[in-house]
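Notes for the one structure printed next.
A short reminder: the numbers here are calculations on the coordinates, not readings from a lab. What you see is a predicted model, and the numbers here were worked out from it, not measured in a lab. Don't worry about glycine lacking a Cβ; one is built from the backbone with ideal geometry, like all the others, and counts go over all protein chains shown.
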Amino acid sequence: MKEYEHTKNKHNHNHLLGERTELYFAIASGIFLALGFGLSFVSVINEWIPLTCYILAYFFGGVFALKEATEKIRKGEFEIDFLMIVAAIGAAYIGSWAEGALLLFLFSLGHALEHFAMNKAKKSIEALGELSPKIALLKKGKSLQEIAIEDLQINDIIVVKPNTKIAADGVIIKGSSSINQASITGESMPVDKTFIINPDDLPDFKNIDNSHVVFTGTINGDSALEVKVLKLSKDSSISRLVKMVSEVETHKSPTQRLTKRFEKWFVPAVIILVITLCFAYLVIDESFRDSLYRAITVLVAASPCALAISTPSAVLSGVARAAKKGVLIKGGRALEDLGSLDTIAFDKTGTLTEGKPKLTNAIALNGYDETAFLQLVLDVESLSNHPLAKAISKDIKEQYNLTETHSASQIKAIQGKGIQAKYNDQSVYIGNAILIQDQDVVLSETVKQQTEDLLTGGQTVMLVAFNNEIIGLLSVMDVPRATAKSTLEHLKRIGIKKMVMLTGDHQNVGDAIAELIGLTEARGGLLPEDKVKAIQELKANNNKVAMVGDGVNDSPAMANSTVGIAMGAAGSDVALETADVALMSDKIEALPFVIALSRASKRIIKQNLWISLGIVAFLVPATLFGFANIGIAVVIHEGSTLLVVINALRLLRFDIE
């Protein structure tokens, strides 16, 4: 955040009257131009008075253009500002002070409004930086002290009062509350968060369950919290987000690179043409002044101002709009590539699915009472620390409203097979068919068929034997996200032809999920290097492929795809670094919006290019053959620049239908 503040302050100090100085100077130029023009018709006034007004209009209109032109010339670059200054000097030389002043006034006004518009797009992102509170309440023993957030250290404990901003990325160690995370993730609804059970033995930040994690700049609800700081201010999600978006122009889109290359040869070509036209009087019957006038008019007409601003203004507006929705797009290349996608590859766990096992079936067999069966399973599984056992006991409590009776004891894990325990002093076995058959319990053909059907459907199946008899079966599955199916349908509607799952899980599991949510294809049993090969195969025949994953184990596949998209990137350094696009929230339904935004951005970029090149193509012949004078050329030329900026700003209001 300090870096951002420093840059912003430096920018302001360069302008006498703050960041709108350029606009004020442009208005002053217009006032003196109008004054000079009006006074030139008053015959009793000395001609030096309107001329002085024009000179002042030149000064106020040209000072910023001259400054930028000088800086670029030092680097050996001859760009649009240079062309405008030369045109204005030429107009003054031939005595067309009014036209020269009009040129500088409109050029400076266009520049000022362009910077104003670009700043508006940037500010919608930079406003994120302002969301961070300036101070935190540090807990020292039993006392609280106010401290600048820059001075917070890792493992400090801060107190967050109700309805205040959270001052650091960290983990809740005391209290529960609803947190408004819109500034980071774009989620409109507050998210329930609670304290972590064991704050002294924490995994890596990215591996802590989201229900315990809070981010800088998000807003606490109605309850006080104590938060353990896990990231310094400069490394917080919000600081990294602001920094990455502020660097967005370094990741230029293909169109930006193309227009930059075009400008590099076009500007020198214009200078050569203009110099040649200055000597037209040597071959055609006209005065040197007429040749010079035509040359200067052509110079104005041919300057590609609108072209220079057409793509960056659209890119910045598109990126700013995405950031407001909790999506970080790293520059123009990623923004344009998103719109060209025809194939999307998804990781399974945590991307298309919830990322945690759920109890999908609990079936009592052989006439055993269902409630008694569920109670037995709950009491036994609640003694185990295995993730599947935890999921089963949690879901039985929630789905069937049961609680432990503590009737189970002597639990023992049998590696790779399941568990055994005592329940009311009788033996219980919960596990796979091998475990049950090892106890000489006979499996009927009906039970075998039920087990086979569930396994084929991608589920993990456990049989329950009590007192040497099968009394039921359980199945668990990492179930699809509630929004996965509707999101994939939406993606199909907007023209994504192929949607493929790449997973390390068994092929049966992949096929079952694919059928449930409507994927085109599922490829199972893949290692990270196999996912890379799959992406390369999908990219064959010039297909544009996105890889959607968590940005950690999927980073090699992301790097090989056309666009790498990270899910739930808030708080994940790896995801923010490796992905081209980061969905800050854990919501897959943001994908159709991002792709639609990219396509809208590409449409606007194309429109802007046609407008800017069309105006140049029209104006150059018109001025060359004398159909348009310098005044008309100036008005049309600068009008086109304003038109492309206004067109680009429409993206700030974009939303998906």
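Structure above, values below:
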quantity	calculated
Between 0 and 90°, nearest 10: helix 370-381 axis offset from the chain longest Cα axis	70 degrees
Sorted by Cβ density within 10 Å, fewest first, the residues Cys278, Cys305, Cys53	Cys278, Cys53, Cys305
Within region 333-383: Cβ-based charge dipole about Cα centre, in debye rounded to nearest 20 (Lys, Arg +1; Asp, Glu -1)	80 debye
Difference of contour (0.36 nm per residue) and Cα-Cα distance, Thr520 to Lys67	157.4 nm
Whole-number percent relative contact order across the chain, with pairs defined as alpha carbons under 8 Å at least 6 apart	14 percent
Unit charges at the beta carbon, dipole of the chain: most positive-side option, Met84, Thr353, Ala484	Met84
For region 349-358, Karplus couplings with θ = phi - 60° (6.51, -1.76, 1.60), whole Hz, Gly/Pro x	5, x, 10, 8, 10, 6, x, 8, x, 10
Ranked Asp530, Asp554, Asp200, criterion: other C-beta atoms within 10 Å, fewest first	Asp200, Asp530, Asp554
Least to most buried among Arg653, Arg333 (fewest other Cβ within 10 Å first)	Arg653, Arg333
Angle in degrees between helix 97-130 and the longest Cα principal axis of the chain, rounded to the nearest 10	10 degrees
Most positive-pole-ward Cα, Asn608, His386, Phe60, against dipole of the chain from beta carbon charges	Phe60
For region 373-390 and region 462-535, distance of Cα centres in Å	25 Å
Residue among Tyr281, Asn543, Leu104 farthest towards the positive dipole end of the chain, charges placed on Cβ	Tyr281
Options [x] 14, 32, 22, 14, 9, 6, 2, 0; [y] 16, 38, 26, 16, 4, 0; [z] 16, 36, 28, 13, 6, 1, 0 - which one matches P(r) over Cα pairs in 20 Å bins from 0, in percent as calculated here	[z]
Karplus (6.51, -1.76, 1.60) ³J(HN,Hα), θ = phi - 60°, over region 192-197, in Hz, Gly and Pro reported as x	6, 10, 9, 6, 8, 5
Computed [θ] at 222 nm, helices only, for the chain once each DSSP H run of length n ≥ 4 contributes -39500 (n - 2.57)	-16500 deg cm²/dmol
Degrees between helix 21-39 axis and first principal axis of the chain (Cα, 0 to 90, nearest 10)	30 degrees
About the Cα centre, charge dipole magnitude for region 355-479 (Lys/Arg +1, Asp/Glu -1 at Cβ), debye	420 debye
Proximal aspartates and glutamates to Lys602, defined as alpha-carbon separation beneath 14 angstrom and excluding residues fewer than eight positions away on the same chain	Glu336, Asp337
Extension gain (nm, one decimal) between Lys356 and Ala559, 0.36 nm per residue minus Cα-Cα	70.5 nm
For the chain, size of Cβ-based charge dipole, Lys and Arg +1, Asp and Glu -1, in debye	1720 debye
Gln437/Asn543 FRET efficiency (R0 45 Å; Cβ-Cβ; nearest 0.05)	0.40
Simple label model, 7 Å out from Cα along Cβ direction - Phe41 to Asp369, nm	10.4 nm
Förster-model FRET efficiency, 22 Å R0, Lys324 and Ile494, C-beta, rounded to 0.05	0.60
Cα centroid separation, region 270-287 to region 616-657 (Å)	26 Å
Distance in nm between pseudo-label sites at Ala413 and Asn207 (7 Å out along the Cβ direction from Cα)	1.5 nm
Relative packing of peptides 628-634, 514-520 - highest average C-beta neighbours within 10 Å first	628-634, 514-520
³J(HN,Hα) computed for each position of region 579-592 - Karplus, 6.51 cos²θ - 1.76 cosθ + 1.60, integer Hz, glycine/proline x	7, 7, 10, 10, 7, 5, 8, 8, 10, 5, 5, 6, 4, x
Total formal charge among the other residues, if their Cβ is under 11 angstrom from that of Lys422, Lys/Arg +1 and Asp/Glu -1	-1
DSSP beta bridges in the chain [antiparallel fraction, %, rounded to 5]	75 percent
Stretchable slack from His406 to Phe288, in nm (0.36 nm times residue separation minus alpha-carbon distance)	31.9 nm
Rough spin-label spacing in nm, given labels placed 7 Å along Cα→Cβ, for Lys75 and Thr194	5.5 nm
Above-threshold pairs, the threshold being 24 Å between Cα atoms, out of Lys165/Lys324; Lys260/Lys324; Lys206/Lys234; Lys234/Lys260; Lys228/Lys397	Lys260/Lys324; Lys234/Lys260; Lys228/Lys397
